[in-house]
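Encoded as structure tokens, the structure appears first; notes follow it.
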Amino acid sequence: MSVTLPDAIAPPALKSCPPAAQPAQPVPPSPQATTDAIETIWCDADHLIRQMQYLKTDQAQNYRLLLDITAIDERQRTHRPHPNCADFTLLYHVLRPTDGKQLRVKIPLTQDALIAPTLCAVFPNANWYEREIWDMFGIRFAGHDNLRRILMPESWQGHPLRKDHYSRATERGPFVMQAATEQAEQYALRDSPALAGMIDDADDDPETMIINLGPNHPSLHGVLRLVVKLRGEEIIDVVPEIGFHHRGAEKIGERQSWHSFIPYTDRIDYVAGVMNNFPYVMGVEQLAGITVPARAQMIRIMLAEIFRIISHLVFFGTMVQDVGQLSPVFYVFTDRERALELIEMICGFRMHPSFFRIGGVAADLPQGWDGKVREFLAYLPKRLDEYQSMVMRNRIFKARTIGIGEYSAAEALDWGVTGPGLRATGIAFDYRKIHPYSGYDQLAFDIPIAQRGDCYNRVQLRLDEMRESLRIISQCLEQMPPGPVKSNHPLAMPMPREAVLHDIDTLIPHFLNATWGAVIPPGEVSTTIEATKGLNTYHLVSDGTTQPYRVRIRTPSFAHLQIIPAISRGAYLADLIAIIGSIDFVMADVDR
């Protein structure tokens, strides 16, 4: 598959960020062997900017997408992966859009020198990731112009993802809030626009004002606050404020057993269901060396694509409602109900079935599943035709969305946009095609793309992708292989019942896995899938115990919200509603 990329990418300038170094071959880094065979190199903080600039701009490297930045508190880790490993590790994860190849860059930091240079001038989307690392780990980034907490409140004490920070309320004494503390907390809730750089002392225009949108729950997207600076109806600047939905999902992952964390993953993108299980269980399987039976892999694909349709339907209905067309949302939720009934018949639950297991799926397909799937495949295409006519050809909807919230392929890559938002700019990048997983290479489907990258294109692509998902589901139906749906590997759970009842050598590992949890071998993996909203990556670190040492959840929604200011400036306030709706985010996916 050929991927067309722009000839040159010039990242938007971010105020107060140091100028990027000229691309040049940096000091040779030190490699590290990993379980997932993703190339991993170590270098020091002094050479970080040169290294990342080289990886992005050198034609032979071409790692134009900064997928993620995170950190690891190594102080309690027994099986350290590399001689350079120190107290903390900064981990930069980049991706090459032409072939999907990924690469990690690691920076060791000692506890008395937790500082590294900001990458904002090289990759603009590093902004929020660096703020998150400061918030969660206390690592500073020199040159960052707004290094404030992003998920935790400003009044929070400590950095929650450090190993010495408590993870359960029962580890603390009884909670008591004195009157003075309550007053201080109320004061901390007031966010000064000056801190976000929105107030200029030289700005005395009487037509300029700053308003709050939220924090509220606009059209099912989640609890979000937007601080908007206006001149009349024109947007001068907008600052998203997130964190209202933060539940410490990564911290929870590090206190649960490998198996018991699966239900928590469902709640990340709460309209994507089992799609959240997918990268997590694949990562654990890779660490443990578990081979998933072919039938289980095909069931996973089928259920994931049904949930892709469910998610796109919710997006479509709420987006259209956001811009004032009220009828389609009722049609859409009727169709979503049919899909959820199909999920309930197969999985036993609807929105959060937690059906995937390490080594397979929870149960085989029930009797009569194929007939229900055929009914759904026959029903939905006609409805998609109706939506195409009812919405996409509606002149008012077109006037509200065409040319609004537009960004180029270069800007999309700079801001870490993936999924339909990236494909709307003409880049045919779909992880299911470019780096197939779980048997997607056995299935035929196309990658819908658009060219303009505006609100209209992003909506149209969801309709087109639902048709391709129907093609995939149809092939799963016709090609569903026979055989088991669970691996016989001793670290998979639950073990097949017939095997547990057959001999004591199977019963004992099953008992230990069910009570204490499976002991996963030491290692480090990153697993990425093409989720409903973009690339979803789980980075898992095992220290050879019954629970993960580090769980990092890279979600598409977190990256996508960063682009709101860049594509909203110069638009009107009414356009901001269309822009928000077209991004297709869920705040639980943002805040985790």
Top-ranked residue in the stretch 392-429 [being part of a loop (DSSP other than H, G, I, E, B) and aromatic (Phe, Trp, Tyr); ranked as nearest to MET302 (Cα to Cα)] | PHE429
Look through the stretch 430-481, keep the residues that are part of a helix (DSSP H, G or I) and among the polar types (S, T, N, Q), and return whichever of them is surrounded by the fewest Cβ atoms within 10 Å (Cβ to Cβ).
-> GLN479
Among VAL274, VAL239, the single one that is crowded, with 21+ Cβ neighbours inside 10 Å and either at positive phi or in contact with a strand residue (DSSP E or B) (Cβ under 6 Å, 6 or more places away or on another chain) (or both) is VAL274
Any hit, the stretch 248-255, residues being without any contact (Cβ under 8 Å) to a residue 40 or more places away in the chain, within 24 Å of THR545 (Cβ to Cβ) and either within 16 Å of the chain's Cα centre (by Cα) or not assigned by TED's automatic domain parsing to the domain that holds ASP584 (or both) = no
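Suppose the filter is buried (at least 22 other Cβ atoms within 10 Å of the Cβ), closer than 26 Å to LEU535 by Cα, within 20 Å of the chain's Cα centre (by Cα) and among the aliphatic types (A, V, I, L, M); does ILE150 pass it? Quick ask: steps written out before the conclusion?
Numbers: buried (at least 22 other Cβ atoms within 10 Å of the Cβ): yes; closer than 26 Å to LEU535 by Cα: yes; within 20 Å of the chain's Cα centre (by Cα): yes; among the aliphatic types (A, V, I, L, M): yes.
For ILE150, the condition - buried (at least 22 other Cβ atoms within 10 Å of the Cβ), closer than 26 Å to LEU535 by Cα, within 20 Å of the chain's Cα centre (by Cα) and among the aliphatic types (A, V, I, L, M) - is met.
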Going through (1) closer than 30 Å to ARG467 by Cα; (2) outside any helix (DSSP H, G or I); (3) β-branched (Val, Ile, Thr) one by one, VAL238 fails only at (1)
Considering (1) in contact with a Phe, Trp or Tyr (Cβ under 7 Å, 6 or more places away or on another chain); (2) modelled with pLDDT of 85 or more, say which one ARG172 fails and leave the rest.
-> (2)
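Given the criteria touching a residue at least 24 places away in the same chain (Cβ under 8 Å), surrounded by 22 or more Cβ atoms within 10 Å (Cβ to Cβ) and touching an Asp or Glu at 6+ places or on another chain (Cβ under 8 Å), does ASP73 qualify?
So ASP73 fits the description; yes.
If the requirement is being in the same structural domain as VAL292 (by TED's automatic domain parsing), polar (S, T, N, Q) and in contact with a Gly (Cβ under 9 Å, 6 or more places away or on another chain), which of these qualifies: THR506, THR527, THR515?
Just a single option satisfies the conditions, and that option is THR527.
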Test for GLY371: is it in the same structural domain as GLN321 (by TED's automatic domain parsing), crowded, with 23+ Cβ neighbours inside 10 Å and small (Gly, Ala, Ser) = no
Does ARG80 fit the bill of being modelled with pLDDT under 90, closer than 26 Å to HIS159 by Cβ, out of contact with any Pro (no Cβ under 9 Å at 6 or more places or on another chain) and not small (Gly, Ala, Ser)?
-> yes
Restricting attention to the stretch 158-168, does a residue exist that is of a type outside the set (Lys, Arg), closer than 30 Å to ILE563 by Cβ and crowded, with 20+ Cβ neighbours inside 10 Å?
-> yes
Does the stretch 496-549 hold any residues that are touching a strand residue (DSSP E or B) at 6+ places or on another chain (Cβ under 9 Å), among the aliphatic types (A, V, I, L, M) and closer than 28 Å to VAL586 by Cβ, and which are they?
-> VAL525, ILE529, LEU535, LEU540, VAL541
Could you check how many residues of the stretch 550-570 are in contact with a strand residue (DSSP E or B) (Cβ under 9 Å, 6 or more places away or on another chain), closer than 26 Å to SER311 by Cβ and either of a type in the set (Asp, Glu) or assigned to a loop (DSSP other than H, G, I, E, B) (or both)?
-> 2
The lone condition ALA296 fails out of (1) surrounded by fewer than 22 Cβ atoms within 10 Å (Cβ to Cβ); (2) farther than 20 Å from HIS539 by Cα; (3) in contact with a strand residue (DSSP E or B) (Cβ under 9 Å, 6 or more places away or on another chain) is (1)
Please determine, by comparing only the residues of the stretch 482-520 that are exposed (fewer than 12 other Cβ atoms within 10 Å of the Cβ) and without any contact (Cβ under 8 Å) to a residue 60 or more places away in the chain, which one is nearest to ALA339 (Cα to Cα).
-> ARG497
With a cut-off of at least 2 residues that are among the charged types (D, E, K, R), name the helices (runs of 4 or more DSSP H) lying wholly within the stretch 270-381.
-> 294-322, 327-347
Does PHE123 satisfy the condition of being of a type in the set (Phe, Trp, Tyr), surrounded by fewer than 21 Cβ atoms within 10 Å (Cβ to Cβ) and in contact with a helix residue (DSSP H, G or I) (Cβ under 9 Å, 6 or more places away or on another chain)?
-> no
Selection from the stretch 345-404 of residues that are under 25 Å from PHE278 (Cα atoms) and of a type in the set (Asp, Glu) = ASP364, ASP370
Residue in the stretch 256-265 that is of a type in the set (A, V, I, L, M, F, W, C), at pLDDT 90 or above, surrounded by 22 or more Cβ atoms within 10 Å (Cβ to Cβ) and not in a loop (DSSP other than H, G, I, E, B) present = yes
Go through (1) at pLDDT 90 or above; (2) over 19 Å from the mean Cα position of the chain (by Cα) and name the single condition PHE307 misses.
-> (2)
If you go through the stretch 279-287 one residue at a time, do you hit one that is surrounded by fewer than 23 Cβ atoms within 10 Å (Cβ to Cβ) and either without any contact (Cβ under 8 Å) to a residue 60 or more places away in the chain or at positive phi (or both)?
-> no
A careful count of residues in the stretch 169-183 that are loosely packed, with under 10 Cβ neighbours inside 10 Å and either touching a Leu at 6+ places or on another chain (Cβ under 8 Å) or of a type outside the set (A, V, I, L, M, F, W, C) (or both) gives 6
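The values are calculated or read from the model by the stated rules, or taken from the named source; none is laboratory data. Just so we're clear, the structure is a prediction, and the values are computed from it rather than from any experiment. All Cβ positions, even for glycine, are placed from backbone atoms using ideal geometry, and neighbour counts span all protein chains on display.
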